[in-house]
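Below: the structure, in structure tokens.
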Amino acid sequence: MAGNSDPLTPRAKLAVTAGRAAAAASRAVGRGSGSVIGGKVALRLDPDLLARLAGHLDVILVSATNGKTTTTRLIAEALRASGPVVSNALGANMPAGITSALAGGSDAKYGVIEVDEKYLAGVARDVTPKAIALLNLSRDQLDRAAETRMLAEKWREGLAGNKATVIANCDDPLIAWAASSSPNVVWVAAGQAWKDDAWSCPSCGGVLQRPSDDWFCSECGFRRPMPSWALAGDQVVDPHGSAWPIRLRLPGRANKANAATSAAVAAHFGVPPQVALERMYEVQAVAGRYDVVRFQNRDLRLLLAKNPAGWLETFSLIDPPPTPVILSVNARGADGTDTSWLWDVDYGRLAGHPIFVIGDRKLDLAVRLEVAGLDFRVCENADEAVGQAPPGRIEVIANYTAFQDLRRRVGN
């Protein structure tokens with residue numbers, strides 16, 4: 001096991017106990033899982049608690065704009081072949097939520113931790129990870145997380161002195177630049193569907209050349225690293241050239257990419273690709289994402305999309321027209337209060353679908369769809385939208401807090 005396995009100090013034990021009590025109180029009054037408030041209370045009593053809780057674990061951090069919750073779940077399932085795992089499976093990915101998750105892992109061998117992009121460098125300093133998985137960077141919550149190049153620079157600075165092995169997507173130039181400051185990198189060719197945040201060189205600002213799947217800067221020479229792992233259709237190719245089939249219950253190319261990265265992480269800890277990928281098949285849904293639920297005698301598939309890159313991937317998952325689609329967008333604190341990102345999404349891909357629009361910012365979305373030339377209806381809530389939708393399974397796409405609202409309404 002990693003680190004030191006000394007028992008927690010009396011102060012740390014008190015902090016954990018107080019955090020659990022606060023979390024239980026939050027759950028009792030219906031304010032959510034309590035993981036965030038529990039972690040905040042615990043960290044207030046012992047600011048070094050996160051490092052203490054991680055001391056006996058082999059920690060794996062996972063960060064990205066899109067896919068980090070799913071990839072965290074896939075890695076955790078794969079590593080359970082080698083020992084007990086503690087993980088923040090529900091996506092509470094800031095220090096308070098991470099602290100709450102680790103507080104329940106006293107008997108675990110591995111800590112598989114999703115980390116919000118803004119907090120990656122700080123959490124990496126606290127928990128001394130053995131591995132860090134970096135998937136992608138694209139615009140998201142610019143009012144909070146800042147511009148992608150600035151975020152990549154913070155990652156690059158934070159990784160420069162870290163001894164963790166970084167497992168990184170070489171197809172995303174921002175990820176490649178951030179990870180290349182690390183002395184130990186395993187490159188994965190996981191692909192990049194959304195390229196609109198990566199046309200300029202993160203190293204010098206020049207224009208990137210993108211012939212086929214390759215990319216390079218002709219001005220400074222920065223270029224796509226050579227991968228040792230690769231996603232190839234429905235297979236992941238390991239460093240020895242062996243191809244392993246990816247069989248997932250989770251839909252879409254993006255989840256195959258998540259599985260490829262997860263297999264590379266698992267292999268770093270001695271879990272063979274075949275074993276890791278077989279275990280990933282057991283994952284059917286992640287924190288409600290991809291679940292099909294029954295509501296008002298209709299089947300609804302719940303899909304989460306939080307930013308332009310995520311919406312692009314999600315559009316590739318939905319059933320073809322005339323499948324009805326409900327779109328729900330909020331702009332609360334957890335979503336980012338700026339809705340200008342709606343104009344970067346190619347909603348023209350929804351042509352032919354009956355579209356129903358709900359959420360706090362339904363009028364913002366309605367203006368965007370009007371400009372895109374799409375037919376749609378604005379509804380007050382999910383009940384009205386489902387009631388007006390034509391027959392067939394309904395695809396429901398929502399951003400973060402809108403997704404949580406829907407899960408509560410449909411009983412999932």
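The values are calculated or read from the model by the stated rules, or taken from the named source; none is laboratory data. Values in this document were obtained by computation on a predicted structure and should not be read as measured data. In this analysis, Cβ positions are derived from the backbone assuming ideal geometry, glycine residues included, and neighbour counts consider all displayed protein chains. Quick note on the areas: whole protein, heavy atoms, side chains included, nothing else; ligands and nucleic acids left out. Shrake-Rupley method; radii C 1.70, N 1.55, O 1.52, S 1.80 Å.
Here is a yes/no grid of residues against (1) under 26 Å from residue 204 (Cα atoms); (2) part of a helix (DSSP H, G or I); (3) open to solvent by 20 Å² or more (accessible area, probe 1.4 Å):
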residue	(1), (2), (3)
65	yes, no, no
70	no, yes, no
99	no, yes, no
107	no, no, yes
124	no, yes, no
152	yes, yes, no
Among 351, 366, 382, 372, which is within 17 Å of residue 319 (Cβ to Cβ), of a type in the set (A, V, I, L, M, F, W, C) and open to solvent by less than 70 Å² (accessible area, probe 1.4 Å)?
-> 351
Among the residues of region 368-381, is there at least one that is in contact with a Gly (Cβ under 8 Å, 6 or more places away or on another chain) and under 27 Å from residue 65 (Cα atoms)?
-> yes
Residue check: is residue 81 part of a loop (DSSP other than H, G, I, E, B), open to solvent by 10 Å² or more (accessible area, probe 1.4 Å), in contact with a helix residue (DSSP H, G or I) (Cβ under 8 Å, 6 or more places away or on another chain) and more than 21 Å from residue 400 (Cβ to Cβ)?
-> yes
Looking at (1) within 29 Å of residue 257 (Cβ to Cβ); (2) out of contact with any Gly (no Cβ under 8 Å at 6 or more places or on another chain); (3) modelled with pLDDT under 80, can you tell me which one residue 74 breaks?
-> (3)
Over 23 Å from residue 197 (Cα atoms), free of Cβ contacts under 8 Å to residues at least 24 places away in the same chain and not in a loop (DSSP other than H, G, I, E, B): does that describe residue 301?
-> no
Residue 211: part of a loop (DSSP other than H, G, I, E, B) and over 29 Å from residue 162 (Cα atoms), yes or no?
-> yes
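Yes/no matrix, rows are residues, columns are (1) out of contact with any strand residue (DSSP E or B) (no Cβ under 9 Å at 6 or more places or on another chain); (2) closer than 26 Å to residue 151 by Cα; (3) among the aliphatic types (A, V, I, L, M):
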residue: 198; (1), (2), (3): no, yes, yes
residue: 206; (1), (2), (3): no, yes, no
residue: 227; (1), (2), (3): no, yes, no
residue: 236; (1), (2), (3): no, no, yes
residue: 240; (1), (2), (3): yes, no, no
residue: 243; (1), (2), (3): no, no, yes
Within region 316-344, of all residues that are open to solvent by 50 Å² or more (accessible area, probe 1.4 Å) and outside any loop (DSSP other than H, G, I, E, B), the one farthest from residue 381 (Cα to Cα) is 344
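Rundown of residues vs (1) open to solvent by 30 Å² or more (accessible area, probe 1.4 Å); (2) of a type outside the set (Lys, Arg); (3) modelled with pLDDT under 95, yes/no style:
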residue: 159; (1), (2), (3): no, yes, yes
residue: 167; (1), (2), (3): no, yes, no
residue: 170; (1), (2), (3): no, yes, no
residue: 173; (1), (2), (3): no, yes, no
residue: 196; (1), (2), (3): yes, yes, yes
residue: 213; (1), (2), (3): yes, yes, yes
residue: 216; (1), (2), (3): yes, yes, no
residue: 222; (1), (2), (3): yes, yes, no
Among the residues of region 41-63, the number that are surrounded by 24 or more Cβ atoms within 10 Å (Cβ to Cβ) and either modelled with pLDDT of 95 or more or closer than 19 Å to residue 283 by Cβ (or both) is 6
Looking at region 390-409, is at least one residue part of a loop (DSSP other than H, G, I, E, B), more than 19 Å from residue 292 (Cβ to Cβ) and open to solvent by 10 Å² or more (accessible area, probe 1.4 Å)?
-> no
